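Reading through the structure tokens given below for one structure.
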Amino acid sequence: MGHFIDGEWTTTRSFADGDGTFRRKATTFRERVETPEAGRYRLYVSYACPWAHRTLIARALLGLEHVFDVAVVHHFMGEDGWTFAPGAGVVPDAEGTTLLRDVYLRADPRFTGRVTVPILWDTREEGIVNNESREIVRMMSDVFRSLGHGERDLHPAALHDAIEHAIDAIYEPINNGVYRSGFARTQQAYEAAVNDVFEALDHWEGVLGRQRYLAGDQLTEADIFLFTTLVRFDLVYHYHFKCNRRRIQDYPNLWGFTREIFQLPGVADTVSFDHITMHYFGSHESVNPTRVVPVGPEIDFRAPHGRG
């Protein structure tokens with residue numbers, strides 16, 4: 001995976017530390033917008049990436065499409081990192097950038113770190129505001145919500161603690177757990193990760209049997225954050241990342257939850273199954289050396305979800 005050291009691009013083929021465990025590096029840009037302005041900020045995203053997908057869903061559910069322009073990278077991530085190479089679904093950068101890493105260099109010519117999506121870019125100040133998906137979504141929920149249609153609140157004050165608890169609880173064992181499983185380099189690291197994944201899925205299957213959403217009876221940010229992992233699970237994580245003890249379709253509550261969110265107005269338009277499958281199977285040479293992309297499975301996300 002490529003990364004910068006003092007503004008110099010370098011590549012490494014290892015996703016894991018010496019003990020074989022995949023460890024995700026912290027994001028770098030962590031500023032916050034305090035005054036909302038439509039048209040000032042741009043989102044750089046990948047349809048394949050679950051972290052970037054969170055911001056696209058929040059943008060759609062809150063009616064903020066006119067507030068944030070979007071640039072979408074190509075599904076393939078090679079030694080040059082994310083690019084804007086021509087392809088179906090690619091939305092070129094308005095600045096004419098061909099490599100996403102150049103966006104980071106525009107923000108900091110001596111940047112050290114990984115080149116990730118999403119990015120919240122300030123077109124007036126010509127810099128990266130934030131590249132942490134959780135914080136970008138929170139800004140959409142709190143700061144920019146007044147510019148949307150006002151029909152939905154993804155971060156109601158009364159549910160703040162429950163939302164924070166749920167987001168924290170699903171991150172390491174589920175959102176990051178599938179990557180810890182897929183990029184593990186020892187049997188011990190893999191089994192520890194995959195056990196975490198299914199222990200957590202079992203737990204939330206039970207929660208969703210008692211209440212409609214993760215934080216209670218209202219759709220919140222936490223549900224979006226779980227959904228972006230679940231919608232990819234049976235398609236890629238189940239076998240590409242060896243999370244094959246069960247499918248999400250084998251969990252009645254989680255599967256109904258996934259279909260319900262997919263069917264919310266605007267959400268399906270943010271899901272590109274082609275980008276998801278082509279990215280994971282085509283980009284991860286260390287996991288899939290042949291880069292052959294499977295033609296299945298066929299999954300009906302539009303089937304009735306039966307959740308009221």
Between residue 8 and residue 195, what is the label-point separation in nm under the 7 Å Cα-to-beta-carbon projection? 4.3
Calculate, in nm to one decimal, what residue 307 and residue 263 gain on full extension: separation in residues at 0.36 nm each, minus their alpha carbon distance. 14.7 nm
Taking Rg/Rh (Cα atoms, Kirkwood Rh) straight from the coordinates, which label in (i) 0.97; (ii) 1.23; (iii) 0.94 is the correct one? (iii)
If packing is taken as the average number of other Cβ atoms within 10 Å across a peptide's residues, how do 274-282, 299-307 rank, most packed first? 274-282, 299-307
If packing is taken as the average count of other Cβ atoms within 10 Å, what order do 209-219, 68-78, 50-60 fall into, highest mean first? 50-60, 68-78, 209-219
Could you let me know the centre-to-centre spacing of the stretch 37-71 and the stretch 180-250, using Cα atoms, in angstrom? 24
Dipole-positive endmost among 10, 98, 146 within the stretch 2-147 (Cβ charges, Cα centre): 146
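Counting Lys +1, Arg +1, Asp -1, Glu -1, what net charge surrounds residue 9 among other residues with beta carbon under 13 Å of its beta carbon? Please report the intermediate quantities before stating the final value.
Details: positive: 101, 110, 114; negative: 6, 8, 79, 80, 102.
Result for the neighbourhood of residue 9: -2.
The numbers here are math on the coordinates, done by the rules we state, and not lab data. None of the values given here were measured: they were computed from a predicted structure. Every residue, glycine as well, gets a Cβ built from its backbone with ideal geometry; the counts of neighbours run over all protein chains shown.
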